[in-house]
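Read through the structure below, which is laid out as structure tokens, and then see the notes.
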Amino acid sequence: MTMVDVPLGDITAEQTQVLLNPPVGTSPSIAVLSSIGDTTVAFQQLSTSELLGALRGNSETAKFALTAVVECCREDSENYSKLTADDDIFTHLKSLLIRGDVDPFTKGKAAYLLTGIMSHAPGKYGEDTNDFSAVKAVTESLTSGNSSTLGQLEGLCNLLKIPTFREAVLNVPGSVQVLLSVNANSASQTLYRAVFCLWLLSSGTGLTNSARRVAELIKSILGSCRSEKVVRVALMALRNFIKDETMVLAIVEAGVLGTVQGLEYEKWRDSELYAEIKDLAACLASEQSTHSSVAAYEKELETNELMPGYLHSERFWLDNVGKFDKEDFGAIRKLTSLLSSSNPTTLCLACGDLGEFARLHPLGKSVIGKLHAKAKVMQLMQHNDRQVAREALLCVQKMMLNQSSLSKMEAK
């Protein structure tokens, strides 16, 4: 699938309502743009001055005109040629993004059309001069305004289609946050734009500083969304991300493999999707075998902050517990020091890992005793965070009881 082959969207219920109800007083040449069928001829016959007049009209007229023009451009991208030649239209659309009296829906359409103009004339907006100030300014307006999440993502999506624009977009504070703050339970149109943006960025290094958040977002989307186009593009993004060392480690640690493997048991209309899922799962399994090592665990320990994922699973400890002997159990010493962390997540994971080490390693309880870790864990049983207190209790139980006793407790 090439970049230009990826469809950009379904018509939402609100959009349908707008198109079916042209405001009173809308000129016939504008109203006809919402007609069923090919509107290219009608759009090309429309003068830019008439279009600009509609965009400058009252809020309802502007909303209708923007929605109709966006659909015309979606149906035939050649229609952008009329818009790229008129700087007044660009200036007005840009002003709509920062005005406080414009509703989120209208801002979203303005964002789509504005960034669509820029992506269809990249030379005019920086590619020829290497001056991407316009790209930066529009991105700032996108991320700081009150556009809907869908509107923001559509705008970013259009800009990120142009490789030379990407650095300028990512350098704007808040642009990555817009991508990574998407709720996995959002509508499929929103999720599609989000994963499409991630795919556009997956061949570069622009998201490596947010690698773990990217991995967690893709995992959560694949775990909850069953839209085939969303799943397919998410898989495409993952396939590119695993080529980067930082990204693949984050993907492994986030436990994305299990989520992808689960997709094999879902029902998909497109039979080819099963092959794509199976192939990617095999690639992820190979990467997990390579990166889910004690070395990866030690690397995370060096950050003094533990993050949920495969490195803190029972499976990891079953496979690797015998490899923690080196340097006089140096990794376990470091893990014990993290019991003084102020981060509840780190405390929970440290307790869980120490409990697994004590349970599975032949010398686990002896090493734990020499490091005085049990006393520190027992103090955490009184922690204000209930989850920390719970994990501390479970850890102490694993330190004190033998395997047969633990098995009986878990069976109850």
- prompt: Out of (1) surrounded by 19 or more Cβ atoms within 10 Å (Cβ to Cβ); (2) assigned to a helix (DSSP H, G or I), the odd one out for residue 95 is which?
  reply: (1)
message: Quick check on segment 195-204. Is at least one of its residues modelled with pLDDT under 95 and over 17 Å from residue 112 (Cα atoms)?
response: yes
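In this structure, is residue 165 in contact with a Phe, Trp or Tyr (Cβ under 9 Å, 6 or more places away or on another chain), within 24 Å of residue 146 (Cβ to Cβ) and assigned to a helix (DSSP H, G or I)? Don't jump to the end; show me each part of the working.
Details: in contact with a Phe, Trp or Tyr (Cβ under 9 Å, 6 or more places away or on another chain): yes; within 24 Å of residue 146 (Cβ to Cβ): yes; assigned to a helix (DSSP H, G or I): yes.
For residue 165, the condition - in contact with a Phe, Trp or Tyr (Cβ under 9 Å, 6 or more places away or on another chain), within 24 Å of residue 146 (Cβ to Cβ) and assigned to a helix (DSSP H, G or I) - is met.
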query: Counting only residues that are surrounded by fewer than 19 Cβ atoms within 10 Å (Cβ to Cβ) and among the aliphatic types (A, V, I, L, M), which one in segment 179-206 is farthest from the chain's Cα centre (by Cα)?
result: 187
- request: Could you grab me the full set of residues in segment 144-183 that are free of Cβ contacts under 8 Å to residues at least 60 places away in the same chain and among the acidic types (Asp, Glu)?
  value: 167
- line: Taking segment 146-157 and the residues there that are small (Gly, Ala, Ser) and open to solvent by less than 30 Å² (accessible area, probe 1.4 Å), the one that is nearest to residue 116 (Cα to Cα) would be 155
task: Of all residues in segment 109-143, count the ones that are on the phi > 0 side of the Ramachandran plot and either assigned to a helix (DSSP H, G or I) or in contact (Cβ under 8 Å) with a residue 12 or more places away in the chain (or both).
output: 1
task: Among what's in segment 26-46 and is under 36 Å from the mean Cα position of the chain (by Cα) and touching a residue at least 12 places away in the same chain (Cβ under 8 Å), pick the residue that is most open to solvent (accessible area, probe 1.4 Å).
output: 38
- request: Answer yes if at least one residue in segment 53-68 is modelled with pLDDT of 90 or more, among the basic types (Lys, Arg) and touching a Leu at 6+ places or on another chain (Cβ under 8 Å), and no otherwise.
  value: no
message: So if I check each of 70, 102, which one is in contact with a helix residue (DSSP H, G or I) (Cβ under 9 Å, 6 or more places away or on another chain), part of a helix (DSSP H, G or I) and touching a residue at least 24 places away in the same chain (Cβ under 8 Å)?
response: 70
- request: Would you check if residue 218 is open to solvent by less than 10 Å² (accessible area, probe 1.4 Å), out of contact with any Pro (no Cβ under 9 Å at 6 or more places or on another chain), closer than 30 Å to residue 342 by Cβ and in contact (Cβ under 8 Å) with a residue 24 or more places away in the chain?
  value: yes
- prompt: Among the residues of segment 184-202, which ones are among the aliphatic types (A, V, I, L, M) and under 12 Å from residue 236 (Cα atoms)?
  reply: 195, 198, 200, 201
The one condition in (1) at pLDDT 95 or above; (2) surrounded by 18 or more Cβ atoms within 10 Å (Cβ to Cβ); (3) within 21 Å of residue 252 (Cβ to Cβ) that residue 225 fails to fulfil: (3)
Unmet requirement for residue 333, which otherwise passes all of (1) open to solvent by less than 80 Å² (accessible area, probe 1.4 Å); (2) under 30 Å from residue 289 (Cβ atoms); (3) modelled with pLDDT of 95 or more: (1)
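Condition check ((1) in contact with a helix residue (DSSP H, G or I) (Cβ under 8 Å, 6 or more places away or on another chain); (2) at pLDDT below 95; (3) not β-branched (Val, Ile, Thr)) across all residues:
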position	(1), (2), (3)
339	yes, no, yes
345	no, no, no
365	yes, yes, yes
383	yes, no, yes
task: State which residue pairs qualify: first residue small (Gly, Ala, Ser) and inside segment 47-64, second residue in a loop (DSSP other than H, G, I, E, B) and open to solvent by 70 Å² or more (accessible area, probe 1.4 Å) in any location, beta carbons under 9 Å apart, and separation of 6 or more residues or different chains.
output: 57/25; 59/101; 62/56
field: Single condition residue 163 does not satisfy, out of (1) within 30 Å of residue 310 (Cα to Cα); (2) modelled with pLDDT of 95 or more; (3) out of contact with any Lys or Arg (no Cβ under 7 Å at 6 or more places or on another chain)
entry: (1)
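Every residue, every condition in (1) under 29 Å from residue 257 (Cβ atoms); (2) part of a helix (DSSP H, G or I), yes or no:
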{"position": "305", "(1), (2)": "yes, no"}
{"position": "308", "(1), (2)": "yes, no"}
{"position": "311", "(1), (2)": "yes, yes"}
{"position": "315", "(1), (2)": "yes, yes"}
{"position": "377", "(1), (2)": "no, yes"}
message: Just to be sure before I move on: is residue 57 of a type outside the set (Lys, Arg), under 21 Å from residue 159 (Cβ atoms), touching a helix residue (DSSP H, G or I) at 6+ places or on another chain (Cβ under 8 Å) and open to solvent by less than 60 Å² (accessible area, probe 1.4 Å) in the structure I sent?
response: no
statement: Of those in segment 347-359 that are open to solvent by 10 Å² or more (accessible area, probe 1.4 Å) and modelled with pLDDT of 95 or more, the residue nearest to residue 308 (Cα to Cα) is 349
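Does residue 146 satisfy the condition of being polar (S, T, N, Q), under 20 Å from residue 107 (Cβ atoms) and touching a Gly at 6+ places or on another chain (Cβ under 6 Å)?
Here the answer is no, as residue 146 does not meet what is asked.
The values are calculated or read from the model by the stated rules, or taken from the named source; none is laboratory data. On a predicted model such as this, the values are computed, not experimentally measured, just so you know. Cβ: placed from backbone, ideal geometry, glycine included. Neighbour counts: every protein chain shown. Ligands, DNA and RNA are excluded from the accessible area calculation, which covers all protein heavy atoms including side chains. Shrake-Rupley method; radii C 1.70, N 1.55, O 1.52, S 1.80 Å.
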